[in-house]
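*Asks:* If you scroll down you'll find the structure; I have some questions about it.
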Amino acid sequence: MKIRQLATLLAAAALLTLGAAAQAVTLRVSNVGDAVSMDPHSLNESLQLSFTASFYEPLVGRGKDMGIVPLLAKSWKRNAPTVWRFSLRPGVKFHDGTPFTADDVVFSFKRAAGDGSDLKAAISSIKDVRKIDDLTVELETSAPNPILPEALTTVYILSKKWCEENRAERPVDKRKGIENQASFKANGTGPFRLRERQPGTRTVLVRNGSYWDKIESNVDEVVYTPIGNDATRVAALLSGEIDLMEPVPVQDVEKLKSAGFTVMQGPELRTIFLGMDQKRDELLSSSVKGKNPFKDKRVRQAFYQAIDIEPIRSRVMRGAALPTALMVGPGVRGFAQDMNKRLPYDTESAKKLLAEAGYPQGFEVTMNCPNDRYVSDGPICQAVAASLARIGVKINLQVESKATYFPKILRRDTSFYLLGWTPSTTDSHDALFNLMATPTAAGQGQFNLGAYSNPKLDELTLKIQSELDETQRNALIREAFKVHADDVGHIPLHQQALAWGMNKKVKLTQLADNRMFFKWVVLSPK
């Protein structure tokens, strides 16, 4: 009788297990590229930050309306002009069961500020991080910083204990090719856990059953597969191999819509631009020897005016781009529409400027470009090269995967490059500080890869960071943008548009910073 009862119980348990497995919800996602590391401090890039946000969390984050919301910090206040106190959320545990405490916050901020970190700029205004008790920390800034909480939305918290046990006390340094266990493993507090990592091929996340908050998703498993080829990625969605993809190639938007798929489109905060090495006395890769032509504003302006932006907008981007003269776009605090007027496209003026600078026949230079990071990034670079050829500039185009592209340009091993930037704070100071201010060891100008420098802009950027009066602050931002535009410090191209493709089962929230949070994805039955 007992044997019979045991057999019945085992059979029932097996049926329950099978039923649970049958009901498990798997989301299959694809992107043009992969997150290059599981270390959240290794690369300040939207896809990287978006993906690792599934298993790591910051003190404060973004809500569905892009507003600031409490995450690992339940509240915060400014106790003095330069001192912020954060009350941490009690009862939170890392995926390995270790309690989350102030020690982890202090450790993570020091790690993010250390050698190899790509998040230095985000916390460069912080002078000190102090533990008050197990659930309270204070951040002291070197000067008043009214937007500090916004700057912390991409600074993720790691377990001090886990990092020490796994020899991951320092960030993965993609510039130097230095890896550690945090490249391939993860132990965060987020709504999903990392179960499998095959770089460049497949990454699997599973739901965190002991997450501290309610997960607004019915997804039990996320299978992420990077597919670099546009046609193959679209075919995977059409055939049902994947449920969700981004970006949708601009030429395939209508094709997917007509086939009954949803293409979620909207404006993106990212600005695509060109940068030039303005520091070296001789460019790394150019026919000009003994001097650097990009140090001459006339050359930079010639490049700007030689680029025909309209075919890039209408043909390459199929209208899914907003040409810009500024390094930030609409939706970013401090954006000034009346200043957003590009220099005219004028090849004759460009040729004259080159001749005045001493290059009547033009010159040759290498341009670095990714082919799996931004919308139509390779074709954009080809269009730029074609435009510059009309004024005698021969571009040797080096197009490559972001896996090798980013380490190269982040080492500043480039003469001329394409980059995109989304201000994580949604504030103009972010772009000024990261892209346009003179690079320093403390993190200022960390992504000013051509080392453009103007002391006046640096002075204004510092004032903007601490200015509390909004009217005065916006006036300072305008002045800084004018300094940069007058110098032709960079060549802004456009703000690209978002385009996420999905089958009818998928319901999600699309943010203007192009971060995709799986905790908000719901899959309905077929």
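The values are calculated or read from the model by the stated rules, or taken from the named source; none is laboratory data. Remember, it's a predicted structure, so these values are computed and weren't measured experimentally. A quick note on method: Cβ atoms are made from the backbone with ideal geometry, for glycine too, and the neighbour counts reach across all protein chains shown. Accessible surface is based on the protein model in full, side chains and every heavy atom, while ligands, DNA and RNA are left aside. Shrake-Rupley method; radii C 1.70, N 1.55, O 1.52, S 1.80 Å.
*Asks:* Could you grab me the full set of residues in the range 259-278 that are surrounded by 18 or more Cβ atoms within 10 Å (Cβ to Cβ) and of a type outside the set (A, V, I, L, M, F, W, C)?
*Replies:* Correct list: E268, R270, T271, G275, D277, Q278.
*Asks:* Turning to a different aspect of this structure: For the range 333-353, indicate whether the set of residues that are of a type in the set (D, E, K, R), buried (at least 17 other Cβ atoms within 10 Å of the Cβ), touching a residue at least 60 places away in the same chain (Cβ under 8 Å) and closer than 29 Å to D34 by Cβ is non-empty.
*Replies:* no
*Asks:* OK, next. Can you pull out the helices (runs of 4 or more DSSP H) entirely within the range 366-460 that have at least 2 residues that are farther than 27 Å from T225 by Cβ and of a type in the set (A, V, I, L, M)?
*Replies:* Those helices (runs of 4 or more DSSP H) span 377-389.
*Asks:* Based on what the data block shows, is R62 touching an Asp or Glu at 6+ places or on another chain (Cβ under 9 Å), open to solvent by 10 Å² or more (accessible area, probe 1.4 Å) and not small (G, A, S)?
*Replies:* Taking the combined requirement at face value, the residue satisfies it.
*Asks:* Considering A112, A80, which residue is in contact (Cβ under 8 Å) with a residue 24 or more places away in the chain and among the small types (G, A, S)?
*Replies:* A112
*Asks:* Quick check, is R280 under 25 Å from T414 (Cα atoms), among the basic types (K, R) and in contact with a strand residue (DSSP E or B) (Cβ under 9 Å, 6 or more places away or on another chain)? Please lay out each step first, then the result.
*Replies:* Details: under 25 Å from T414 (Cα atoms): yes; among the basic types (K, R): yes; in contact with a strand residue (DSSP E or B) (Cβ under 9 Å, 6 or more places away or on another chain): no.
No; evaluated as a whole, the condition is false for this residue.
*Asks:* When only residues in the range 50-77 that are in contact (Cβ under 8 Å) with a residue 40 or more places away in the chain and more than 16 Å from the chain's Cα centre (by Cα) count, which is farthest from A102 (Cα to Cα)?
*Replies:* Among those residues, the one meeting the criterion is K64.
*Asks:* Among the residues of the range 80-135, how many are open to solvent by less than 20 Å² (accessible area, probe 1.4 Å), closer than 30 Å to R207 by Cβ and part of a loop (DSSP other than H, G, I, E, B)?
*Replies:* The qualifying residues number 6.
*Asks:* Among the residues of the range 214-241, count how many are of a type in the set (D, E) and loosely packed, with under 14 Cβ neighbours inside 10 Å.
*Replies:* Looking only at that region, the number is 1.
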